[in-house]
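Derivation of every value follows stated rules applied to the coordinates shown; laboratory data play no part. Just so it is clear, the structure is predicted and the values come from calculations on it, not from any experiment. Glycine gets a Cβ as well: all are built from the backbone with ideal geometry, and neighbour counts include every protein chain shown.
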Amino acid sequence: MKIIVLKFGGTSVGSIDRIKRVAKIIKSYSKKYKVIVLSSAMSGTTNKLINMSRKISKSFPDHEYDTLVSAGEQISCSLLSGQLQTIGIKSKSWMAWQIPILTEGKHKYSRIKFINKSKVMKYLRSGGIPIIAGFQGIDKNLNITTIGRGGSDSSAIMVAKFFKAERCVIYTDVEGVYSTDPNKLNSAKKIKNISYEEMLEMASLGSKVMQAHSIQDARLNRIDIEVKSSFVNKIGTLITKRKNIINNKIITGISSTDNDSKVTLLGVKDRPGIAAAIFKPLSENSINVDMVVQNISSDGKETDLTFTIKSFDLAKTKKIINKNKNIIFKRMIFDKNVSKVSIIGVGMVTTPGVTFRMFQALAKKKINIEVISTSEIKISVLIKSTKVTKAIKALHTEFDLEK
Ligand code: ADP
Ligand code: ASP
Ligand code: MG
């Protein structure tokens with residue numbers, strides 16, 4: 001039995017007309033494959049639910065958050081299944097608890113650990129098309145869980161893994177993975193093949209076309225992913241092993257973030273363990289610290305420490321730092337209007353001078369770099385948010401990504 005997994009994102013099921021279109025796509029695969037469908041909530045629904053929870057409380061209980069936000073997928077799955085049945089195809093919607101899809105970890109950020117195949121398998125054999133809710137699961141105590149924003153991508157990969165699917169196709173609102181967000185830069189170019197490693201970096205550094213966890217899952221399980229549009233029938237992008245790819249470009253893609261904040265502690269009394277004393281309480285409060293730079297004063301007694309966080313964590317961060325009795329510093333300053341721009345590519349491992357070219361291209365456009373961080377296959381810089389589009393454009397040209 002050849003199984004294919006098809007995942008449809010929020011925009012693809014964002015209206016009744018779009019759901020009708022998606023039903024036709026599903027039908028077109030059903031002659032050749034046993035089809036398993038994963039659906040996101042209709043676009044905007046999850047955000048609406050989250051906003052409602054915030055109106056109740058800024059610290060809405062995590063358990064209730066998962067019950068609330070997972071509701072969006074119930075709506076889209078039933079509509080899609082209903083449409084398939086209307087055009088004469090046997091179909092049924094499945095919520096995670098009905099399968100079940102078991103997760104581990106904290107509410108809001110759980111990970112799928114196991115999927116019980118038996119009921120869905122029986123249904124597939126009977127000729128039906130299951131429409132499975134993405135983004136949700138249940139834990140060992142039968143609580144409803146969710147797996148992080150954009151998590152339906154991960155649901156699809158894990159279903160492909162457990163059902164040993166022959167193919168996994170992610171349908172979205174763009175034609176594939178581009179050199180940079182095509183909605184931000186017109187000259188962005190569709191990438192034919194991209195390695196798991198590069199896609200993982202791009203996703204983690206802000207390219208939301210794929211959820212980062214889903215790429216980790218795909219890489220671990222060696223699952224090839226096809227990303228394509230549900231609006232036009234064109235070849236998309238294949239995410240696969242590095243070995244399968246011939247690419248002569250140094251840089252594959254450019255990513256950016258849009259809601260970072262920079263925090264600087266001036267005149268911190270220096271001693272061994274000071275960085276740990278600052279960051280431990282932040283990590284205990286689930287605040288993700290990203291870029292860090294530390295400068296030592298000439299007498300070695302004081303240090304200035306700069307780090308970046310997500311802007312929605314800024315108020316909490318200020319409070320925690322001000323309450324921290326284990327550190328002494330003169331002043332804390334912030335900048336809410338910073339963004340991280342990153343260039344990603346396995347080609348930089350073997351090509352010298354990439355860092356210099358990046359910095360020079362930004363300097364030519366008078367873009368000031370505030371913080372830098374690098375890994376083997378990426379270079380990130382923190383700049384003013386207002387300069388992001390200009391920076392992406394300059395780097396896109398510098399590294400020949402239009403071609
Ligand atoms: P879905 O609802 O289908 O999961 P998302 O909104 O999560 O879709 O992801 C698709 C969006 O990702 C696109 O509309 C695009 O604006 C954005 N995006 C960011 N970076 C890229 C990139 N490098 N290639 C393609 N799309 C990108
Ligand atoms: N509906 C969820 C979200 O908006 C999951 C997804 O779309 O993948 O984050
Ligand atoms: Mg998505």
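For the chain, with a Gaussian network of springs between Cα atoms less than 10 Å apart, report the residue from F334, F231, F135 with the top mean-square fluctuation.
F334
Using r as the Cβ-Cβ distance of I372 and S297, and R0 as 25 Å, what FRET efficiency do you calculate, to the nearest 0.05?
E(calc), rounded to 0.05, equals 0.75.
Distances over 26 Å make up what percent of all Cα-Cα pairs in the stretch 156-300?
Considering the stretch 156-300, 42 percent of its Cα-Cα pairs are separated by more than 26 Å.
Please give the length that would be gained between T67 and K280 if that part of the chain were fully extended, namely 0.36 nm times their separation in residues minus their C-alpha to C-alpha distance (nm, one decimal).
73.7 nm
For the stretch 137-223, calculate the relative contact order in percent as a whole number, restricting contacts to Cα pairs under 8 Å that are 6 or more residues apart.
Contact order relative to length: 32 percent.
Give me P(r) over the chain, computed from all C-alpha to C-alpha distances, binned every 10 Å, as integer percentages.
The distribution over the chain is 5, 21, 28, 25, 15, 5, 1, 0, given as percents.
Classify the stretch 288-340 as rounded, prolate or oblate from the Cα gyration tensor: take a ≥ b ≥ c as the square roots of its eigenvalues, call it rounded if a/c is under 1.5, otherwise prolate when a/b beats b/c and oblate if not.
Here the stretch 288-340 falls in the oblate category.
Which whole-number percentage describes the relative contact order of the stretch 280-359, with Cα contacts under 8 Å and a sequence gap of 6 or more?
Relative contact order comes out at 20 percent.
So how far, in whole Å, is the C-alpha centre of the stretch 261-292 from the one of the stretch 71-93?
48 Å
Calculate, in nm to one decimal, what T351 and K55 gain on full extension: separation in residues at 0.36 nm each, minus their alpha carbon distance.
Extra length from T351 to K55 when fully extended: 101.4 nm.
Can you sort R242, R331 so the residue with the fewest Cβ neighbours within 10 Å comes first?
Ordered by Cβ neighbours within 10 Å, fewest first: R331, R242.
Across the stretch 253-261, in residue order, what do the Karplus-derived ³J(HN,Hα) couplings come to in whole Hz, using 6.51 cos²θ - 1.76 cosθ + 1.60 with θ = phi - 60° and x for Gly and Pro?
Values, residue by residue: x, 10, 10, 8, 10, 9, 9, 9, 10 Hz.
Sort out for me the Cα centre separation of the stretch 55-69 from the stretch 368-386, rounded to whole Å.
Between the Cα centres of the stretch 55-69 and the stretch 368-386 lies a distance of 34 Å.
Evaluate the Debye formula for the stretch 1-111 with equal point scatterers sitting on the alpha carbons, no solvent, and hand back log10 of I(q)/I(0) at q = 0.10, 0.19, 0.22 Å⁻¹, in q order, two decimals.
Scattering profile of the stretch 1-111, log10 relative to I(0): -0.34, -1.02, -1.23.
Short version: what are the Cα gyration tensor semi-axes of the stretch 226-277, square root of 5 times each eigenvalue, largest first, in whole Å?
Here the semi-axes work out to 44, 18, 11 Å.
Only helical DSSP H runs with n ≥ 4 go in: add -39500 (n - 2.57) per run for the chain, normalise by residue count and round the 222 nm mean residue ellipticity to 500 deg cm²/dmol.
Result for the chain, helices only: -10000 deg cm²/dmol.
Straight-line reach from K241: which lysines fall under 19 Å, measuring Cα to Cα and dropping same-chain residues less than 8 apart?
Partners within reach: K161, K164, K190, K192, K228, K249, K378.
Please provide three numbers in whole Å: the alpha-carbon extents of the stretch 196-268 along the principal axes, with the largest listed first.
The principal-axis extents, from largest down, are 55, 31, 27 Å.
Taking neighbour counts of Cβ atoms within 10 Å as a proxy for exposure, in what order, fewest first, do V268, V293, V169 appear?
Ranking V268, V293, V169 by Cβ neighbours within 10 Å, fewest first, gives V293, V169, V268.
Within 10 Å, count the other beta carbons around each residue, average over each peptide in 310-319, 154-163, and list them highest first.
154-163, 310-319
Please state the relative contact order of the stretch 317-403 as a whole percent: Cα pairs under 8 Å, 6+ residues apart?
Value for the stretch 317-403: 34 percent.
Could you pull out the longest piece of the chain with no exposed loop GluC sites (Glu not before Pro) in it, calling a site exposed if DSSP puts it outside H, G, I, E, B and it has at most 12 other Cβ atoms within 10 Å?
For GluC sites (Glu not before Pro) (loop position, at most 12 other Cβ atoms within 10 Å), the longest site-free span of the chain is 1-375.
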